[in-house]
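Below you'll find the structure, written out as structure tokens, and then a few comments.
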Amino acid sequence: MDELFTTATIVGILSSAVRLATPYLYAAIGETLAQRSGVLNLGVDGIMLMGAFSAFYVVYNTENLLTGLLAAAGVGLLMGLLMAVASVTMKAEQGISGIGLYLFGLGLSSLLFRIMLGTVESVDGFPRLNIPLLSDIPLLGEIFFNHSILVYGAFLLVPLTAFLLNRTTWGLNIRAVGNNPQAADALGVNVQAIRYATVCAGGMLAGIGGAALSISALNIFQENLTNGLGFIAVALVYFGGWRPVGVLLGVLLFSFVNSLQLWLQVIGIDIPSDIAVMLPYILTIIVVSIPFRRGSEPAALTRPFSRGA
């Protein structure tokens, strides 16, 4: 147990937590945009799987990381568009549409993996990028400034999204559409266009989140690589009160517990491994069950919009 409280172990846990937060952040921030406009996308996990496979397969064949990342973003955009067509244009029940999209992504990524790869392979993913001067700061440099560019991008996304939602006209329109689409429509806001844009942007970010797993964090692809990560990201949007900073705090809490359970196993703490693995998910159930941020929920979330209705 004493090994858990050494400087090296604490730094390792915190550094891993920052790295593990990356795919959750991309997916959860993207889902925040969609939900703030009134669309619940439960297909995030399926989008991440397809993004992860697309990025990995492209990098495996071309050794070009940027092309792989663009492939993941493009596939995520297309799957977000599919969700938007179902939920916005066809006004299908959003929960069922999202589960269908998840199953589609899960099944298609597994099929493509078996046909196009057949076995688990590895690639050289995004390397660590030390930020000059900052990475030399004792302890803090190793924790925060010794990661790949996708990690930095995920954390920069938080203030950018907060600025977009709170300080721009487009952000005002997103919030208006998510709270009262009829009033927004009466003021000339194109409700469908806003929802299409946010759901597609959310899909693109989820695809990048999948790429952050397959060509940055793990550098492999296997069936069901995400293991439900996308659903956790959706839950963290609720925990964060539909605000980017709140989502960031939730993601960091979850990734810290996840990192802790990994390190408990690495250093040989005598607890059953199954219990350690369960810890992050138990935490998620607990925090999502607490209704302290329900007042922030977009009023029109999951409600299809019909002009004149």
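The values are calculated or read from the model by the stated rules, or taken from the named source; none is laboratory data. Because the structure is a prediction, the values reported are computed rather than measured. Heads up, the Cβs are rebuilt from the backbone with ideal geometry, glycines too, and the neighbour counts pull from every protein chain shown.
Tabulated data for the structure shown
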item: Matching residues in the stretch 117-156 - criterion: being under 21 Å from Val245 (Cα atoms) and either surrounded by fewer than 20 Cβ atoms within 10 Å (Cβ to Cβ) or among the β-branched types (Val, Ile, Thr) (or both); result: Leu140, Ile143, Phe144, Ile149, Val151, Tyr152, Gly153, Phe155, Leu156
item: The lone exception for Thr6 - which of (1) touching a helix residue (DSSP H, G or I) at 6+ places or on another chain (Cβ under 8 Å); (2) surrounded by fewer than 24 Cβ atoms within 10 Å (Cβ to Cβ) it fails; result: (1)
item: Among the candidates Leu40, Leu66, residue that is farther than 26 Å from Leu112 by Cα and either buried (at least 20 other Cβ atoms within 10 Å of the Cβ) or out of contact with any Pro (no Cβ under 9 Å at 6 or more places or on another chain) (or both); result: Leu40
item: Residue in the stretch 155-197 that is farthest from Gly30 (Cα to Cα), counting only those that are of a type in the set (Ser, Thr, Tyr) and assigned to a helix (DSSP H, G or I); result: Thr169
item: Every pair of residues 6+ apart whose Cβ atoms lie under 7 Å, when the first sits in the stretch 129-154 and is part of a loop (DSSP other than H, G, I, E, B) while the second is surrounded by 14 or more Cβ atoms within 10 Å (Cβ to Cβ) and of a type outside the set (Val, Ile, Thr); result: Ile131/Phe145; Phe145/Asn130; Phe145/Ser135; Ser148/Phe126; Ser148/Leu129; Ser148/Ser216
item: The lone exception for Thr161 - which of (1) surrounded by fewer than 18 Cβ atoms within 10 Å (Cβ to Cβ); (2) in contact (Cβ under 8 Å) with a residue 60 or more places away in the chain; (3) among the hydroxyl-bearing types (Ser, Thr, Tyr) it fails; result: (1)
item: Residue check, Thr226 touching an Asp or Glu at 6+ places or on another chain (Cβ under 7 Å) and touching a residue at least 24 places away in the same chain (Cβ under 8 Å); result: yes
item: Filter pass, Arg303 being of a type in the set (Lys, Arg) and modelled with pLDDT under 85; result: no
item: Some residue of the stretch 11-20 being farther than 30 Å from Asn173 by Cα, without any contact (Cβ under 8 Å) to a residue 40 or more places away in the chain and among the β-branched types (Val, Ile, Thr); result: no
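Residue-by-condition table, conditions (1) farther than 23 Å from Val199 by Cα; (2) touching a Gly at 6+ places or on another chain (Cβ under 7 Å); (3) surrounded by 18 or more Cβ atoms within 10 Å (Cβ to Cβ); (4) at pLDDT 90 or above:
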| residue | (1), (2), (3), (4) |
| --- | --- |
| Ala233 | no, no, yes, yes |
| Val237 | no, no, yes, yes |
| Pro244 | no, no, yes, yes |
| Leu252 | yes, no, yes, yes |
| Ser255 | yes, no, yes, yes |
| Ser259 | yes, no, yes, no |
